[in-house]
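A.B. asks: Got a structure for you, written out below as structure tokens; questions coming shortly.
The values are calculated or read from the model by the stated rules, or taken from the named source; none is laboratory data. The shown structure was predicted, so the numbers you read here are calculated from the model rather than taken from an experiment. For neighbour counting, all protein chains shown are included, and Cβ atoms are generated from backbone atoms with ideal geometry for every residue, glycine included.
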Amino acid sequence: MEGLRSSEQEAQEIVDAIPQAIAVLSPDGQPLYGNRSLLQYTGLTIAEVTSADFRARVFHPEDVARLREERRDALARGVPFEFEQRARRHDGQYRWFLVQYNPVRDEHGQTLRWYATGTDIDDRKRAEERVRNENLALREDIDRASMFEEIVGSAASLRQVLAQVAKVAPTDSTVLILGETGTGKELIARAIHKRSRRASRAFIRVNCAAIPTSLIASELFGHEKGAFTGALQRRLGRFEAADGGTILLDEVGDLPAEAQVALLRVLQEREIERVGSSHPIAVDVRVIVATNQDLEAAVARGAFRADLFYRLNVFPIAVPPLRERVDDVPVLVEYLVERFAKRAGKKITRIEQRTMALLQAYAWPGNVRELQNVIERAVVLCEGETFSIDDSWLKAKGPPAGGEQERATIEAALAATQGRVAGPTGAAAKLGIPRQTLDSKIRALRIDKLKFRPR
């Protein structure tokens with residue numbers, strides 16, 4: 001008996017010297033001993049490791065439930081097996097482990113003990129999930145058929161923007177892109193990403209105005225299973241999907257107050273918390289934000305947090321509207337005509353001079369996006385090799401004589417939607433007009449849509 005105890009003591013000393021977490025289990029899987037590495041990782045005492053609730057205290061509840069029957073059956077078979085599961089660290093953070101079970105048998109082949117060895121595979125699992133997210137983002141990019149017309153041209157104001165892109169891209173500085181609707185803010189953000197050291201990783205775009213207020217935290221930061229009604233499984237948020245890459249928060253001025261607080265924490269601590277969890281998750285994300293609003297004015301009104309604005313306003317880039325790039329209009333028109341003609345299977349060899357003059361004289365409240373729509377429409381209707389447009393398409397679109405009535409209608413819609421313009425429950429949908437059109441009307445009528453947001 002003394003010799004057996006001495007042998008077990010020697011075995012424990014050997015196991016303690018191994019840097020991997022190891023648990024010694026009884027034939028039915030109950031913990032009998034944990035080595036030094038296991039105690040250091042979990043922060044538990046040897047008495048807690050050998051208690052009946054050890055698995056519930058250490059392993060993620062989802063994994064305990066998922067593997068319960070499979071583990072029991074594998075122990076009964078008595079042959080080596082392994083599982084991938086999450087183990088709780090002493091600081092409350094879960095990490096993925098490959099747990100390999102190997103039996104120790106007597107001379108009759110009966111199982112005396114199990115040795116369960118845990119190997120940390122968290123980095124590998126995160127890399128696999130990141131690849132899945134990047135593949136999803138790539139499919140979204142392909143589906144959206146990215147266009148780069150907005151940064152075609154050679155106007156001095158545009159060259160200045162591109163020079164700023166070249167300077168800030170190699171850094172990890174937060175970038176604030178300012179500009180009217182349709183000026184190409186997203187493409188400037190993509191240009192920054194593609195010239196950065198993160199270019200091979202995911203670029204994730206989030207339209208803050210299109211997400212209902214009740215779902216924005218879950219969309220950005222993810223949620224745990226059961227965090228709210230309908231949360232049937234754990235879901236990664238957009239920040240985790242962008243880990244290692246870049247996230248663009250478009251229309252950031254539309255973020256509700258509680259989401260502004262959470263974003264401020266991400267920028268300060270580089271950590272997120274999923275909805276329904278109190279465990280912080282570190283994220284390595286380059287943040288770019290874009291808006292068509294005057295954030296400084298929003299700060300003055302109390303509609304946007306001053307501390308968040310200062311965190312975002314590290315490197316501002318102002319994208320010029322098309323009306324300030326009149327000399328670029330011919331280049332853009334030629335590019336777009338060629339592009340849409342090729343897509344439509346048409347041959348267009350010349351552009352009517354009068355048409356080009358009209359296009360250059362127009363103010364383009366919808367910027368390049370509006371120009372793109374006009375060109376595409378004209379190409380579809382074009383029956384010969386000469387490109388032209390209908391004069392009526394470019395009539396002045398300012399507020400009509402009944403401007404006050406239109407103002408009242410728009411303000412009523414904004415009040416009903418708490419200042420939200422886009423999305424299925426936004427003011428544009430309520431009025432039955434495109435979001436870009438409503439944005440143009442709001443600017444033309446000098447309506448402050450932020451004053452309708454809840455404080």
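A.B. asks: For residues that are under 13 Å from residue 450 (Cα atoms) and either surrounded by 18 or more Cβ atoms within 10 Å (Cβ to Cβ) or not hydrophobic (A, V, I, L, M, F, W, C) (or both), tally how many sit in the range 414-426.
C.D. replies: Going through the range 414-426 one residue at a time, the tally reaches 6.
A.B. asks: Moving on to the next point. Against the conditions (1) over 25 Å from the mean Cα position of the chain (by Cα); (2) closer than 19 Å to residue 251 by Cα; (3) at pLDDT below 80, where does residue 424 fall short? Just the number, please.
C.D. replies: In the conditions (1) over 25 Å from the mean Cα position of the chain (by Cα); (2) closer than 19 Å to residue 251 by Cα; (3) at pLDDT below 80, residue 424 misses (1) alone.
A.B. asks: May I pose another question? Hey, residue 303 hits all of (1) loosely packed, with under 14 Cβ neighbours inside 10 Å; (2) of a type in the set (A, V, I, L, M); (3) more than 20 Å from the chain's Cα centre (by Cα) but one; which does it fall short on?
C.D. replies: Every condition holds for residue 303 apart from (1).
A.B. asks: Taking into account only those residues within the range 233-284 that are touching a Gly at 6+ places or on another chain (Cβ under 7 Å) and part of a loop (DSSP other than H, G, I, E, B), which is nearest to residue 174 (Cα to Cα)?
C.D. replies: 284
A.B. asks: Can I ask one more? From the list 333, 329, 337, 314, pick out the single residue that is touching a residue at least 40 places away in the same chain (Cβ under 8 Å), within 27 Å of residue 191 (Cα to Cα) and surrounded by fewer than 18 Cβ atoms within 10 Å (Cβ to Cβ).
C.D. replies: 314
A.B. asks: Quick one: count up the residues across the range 17-54 that are part of a loop (DSSP other than H, G, I, E, B), in contact (Cβ under 8 Å) with a residue 60 or more places away in the chain and small (Gly, Ala, Ser).
C.D. replies: 2
A.B. asks: Just a yes or no: is a residue in the range 341-349 in contact (Cβ under 8 Å) with a residue 40 or more places away in the chain, crowded, with 18+ Cβ neighbours inside 10 Å and outside any helix (DSSP H, G or I)?
C.D. replies: Looking for residues that are in contact (Cβ under 8 Å) with a residue 40 or more places away in the chain, crowded, with 18+ Cβ neighbours inside 10 Å and outside any helix (DSSP H, G or I), one finds none in the range 341-349, hence no.
A.B. asks: Determine which member of the set 363, 396, 357 is within 40 Å of the chain's Cα centre (by Cα), surrounded by fewer than 17 Cβ atoms within 10 Å (Cβ to Cβ) and at pLDDT 85 or above.
C.D. replies: 363
A.B. asks: Still on this structure, I have one more. Going through the range 172-203 one residue at a time, which ones are over 19 Å from residue 270 (Cβ atoms) and polar (S, T, N, Q)?
C.D. replies: Correct list: 181, 183, 200.
A.B. asks: Further question: Does residue 70 satisfy being exposed (fewer than 14 other Cβ atoms within 10 Å of the Cβ) and touching a strand residue (DSSP E or B) at 6+ places or on another chain (Cβ under 9 Å)?
C.D. replies: yes
A.B. asks: Can you give me the number of residues within the range 150-198 that are in a helix (DSSP H, G or I) and not basic (Lys, Arg)?
C.D. replies: Residues flagged as in a helix (DSSP H, G or I) and not basic (Lys, Arg) within the range 150-198 amount to 20.
A.B. asks: Here is a follow-up. What number of residues within the range 417-434 are part of a loop (DSSP other than H, G, I, E, B) and either among the basic types (Lys, Arg) or touching a residue at least 12 places away in the same chain (Cβ under 8 Å) (or both)? Walk me through how you get there before you give the answer.
C.D. replies: Step one: filter the range 417-434 for residues part of a loop (DSSP other than H, G, I, E, B), giving 417-426, 432-434.
After this cut, where a residue has to be either among the basic types (Lys, Arg) or touching a residue at least 12 places away in the same chain (Cβ under 8 Å) (or both) as well, the list is 417-423, 425-426.
Counting residues in the range 417-434 that are part of a loop (DSSP other than H, G, I, E, B) and either among the basic types (Lys, Arg) or touching a residue at least 12 places away in the same chain (Cβ under 8 Å) (or both) gives 9.
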